[in-house]
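Okay, structure first, notes after.
The values are calculated or read from the model by the stated rules, or taken from the named source; none is laboratory data. In this text the structure is predicted, and so the values were computed from the model without any measurement. Glycine also receives a Cβ, built like all others from the backbone with ideal geometry; neighbour counts cover every protein chain displayed.
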Amino acid sequence: MAAQAEKSRAHRPEFRNIHISQIVAYRLPAAGIVSILHRVSGALMFLLLPFIIWMFDTSVTSEISYGSFTSVFSAGAGFVPGWFFKLVALALIWAYLHHFIAGMRHLWMDATHAVTGSFGRSSAVFTLVASVLLTLALGWRLFF
């Protein structure tokens, strides 16, 4: 009996936690990347909320404030150059698009119970590609 237990224990795979030095070599699946980026985009939108409120407030208050709002993106404000504000707006655009598309992916999976591995993989790749392509398209409009 003890020999049987020893024999079965020898063939079982051993799973260990990943050490911090192995993180760069660990290959995360696309669904895992989407999950992490979904959280990052939500946190980014939350942290940029004062910038969003400032943009909304200055763009709708009056024509003069709208002019100052648009001049910030070209001339800058104080010591901060205009390209930095455009970069922050681009990060906000990516965060919103990625968070929205990933949220729709989760809603679709919840509503249809489509939780197969192949659908998870393909929808994760679609989420990554669509959010990057839409961000590039809107970023092109923002910078040029």
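Hey, can you tell me all the residues within the stretch 92-128 that are over 30 Å from residue 51 (Cβ atoms) and within 15 Å of the chain's Cα centre (by Cα)? Even if it seems obvious, please write down each step before you answer.
Within the stretch 92-128, the subset over 30 Å from residue 51 (Cβ atoms) is 108-123, 125.
The answer is 123, 125.
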Could you tell me whether the stretch 105-124 includes any residue that is surrounded by 14 or more Cβ atoms within 10 Å (Cβ to Cβ), part of a helix (DSSP H, G or I) and among the β-branched types (Val, Ile, Thr)? no
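If you take the residues in the stretch 69-83 that are among the hydrophobic types (A, V, I, L, M, F, W, C) and part of a helix (DSSP H, G or I), which one is nearest to the chain's Cα centre (by Cα)? Can you show your working first?
Taking the stretch 69-83 first, the residues among the hydrophobic types (A, V, I, L, M, F, W, C) are 69, 72-73, 75, 77, 79-80, 83.
Checking the rest, the ones that are also part of a helix (DSSP H, G or I) come to 69, 72-73, 75, 83.
On the way: 69: 26, 72: 26, 73: 23, 75: 29, 83: 21 Å.
Out of the qualifying residues, it is 83.
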Read through the list (1) at pLDDT below 95; (2) under 29 Å from residue 127 (Cβ atoms); (3) of a type in the set (Val, Ile, Thr), then give the number of the only condition that residue 40 fails. (1)
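For every residue, the table says whether it meets (1) assigned to a helix (DSSP H, G or I); (2) in contact (Cβ under 8 Å) with a residue 60 or more places away in the chain; (3) loosely packed, with under 12 Cβ neighbours inside 10 Å.
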{"residue": "15", "(1), (2), (3)": "no, no, yes"}
{"residue": "21", "(1), (2), (3)": "yes, no, yes"}
{"residue": "27", "(1), (2), (3)": "no, no, yes"}
{"residue": "44", "(1), (2), (3)": "yes, no, no"}
{"residue": "50", "(1), (2), (3)": "yes, no, yes"}
{"residue": "85", "(1), (2), (3)": "yes, no, no"}
{"residue": "89", "(1), (2), (3)": "yes, no, no"}
{"residue": "92", "(1), (2), (3)": "yes, no, no"}
{"residue": "102", "(1), (2), (3)": "yes, yes, no"}
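May I ask you to verify whether residue 59 is hydroxyl-bearing (Ser, Thr, Tyr), touching a Phe, Trp or Tyr at 6+ places or on another chain (Cβ under 6 Å) and either without any contact (Cβ under 8 Å) to a residue 12 or more places away in the chain or surrounded by fewer than 17 Cβ atoms within 10 Å (Cβ to Cβ) (or both)?
yes
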Selection within the stretch 117-140 - at pLDDT 95 or above and out of contact with any helix residue (DSSP H, G or I) (no Cβ under 7 Å at 6 or more places or on another chain): 122, 126, 129, 132, 133, 136, 137, 140
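Restricting attention to the stretch 58-68, does a residue exist that is out of contact with any Ser or Thr (no Cβ under 6 Å at 6 or more places or on another chain), among the acidic types (Asp, Glu), part of a helix (DSSP H, G or I) and closer than 30 Å to residue 18 by Cβ? Give the steps one after another, and end with the answer.
Kept after step one, since they are out of contact with any Ser or Thr (no Cβ under 6 Å at 6 or more places or on another chain), are these residues of the stretch 58-68: 59-64, 67-68.
Narrowing the set further to residues that are among the acidic types (Asp, Glu) leaves 63.
Then keep just the ones that are part of a helix (DSSP H, G or I); that gives 63.
This time we only want the ones that are closer than 30 Å to residue 18 by Cβ, so: none.
For the stretch 58-68, residues out of contact with any Ser or Thr (no Cβ under 6 Å at 6 or more places or on another chain), among the acidic types (Asp, Glu), part of a helix (DSSP H, G or I) and closer than 30 Å to residue 18 by Cβ: absent.
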Only one of (1) exposed (fewer than 10 other Cβ atoms within 10 Å of the Cβ); (2) part of a helix (DSSP H, G or I) does not apply to residue 32, and that is (1)
Restricting to the stretch 71-83, give me the number of residues that are surrounded by 17 or more Cβ atoms within 10 Å (Cβ to Cβ) and of a type in the set (A, V, I, L, M). 1
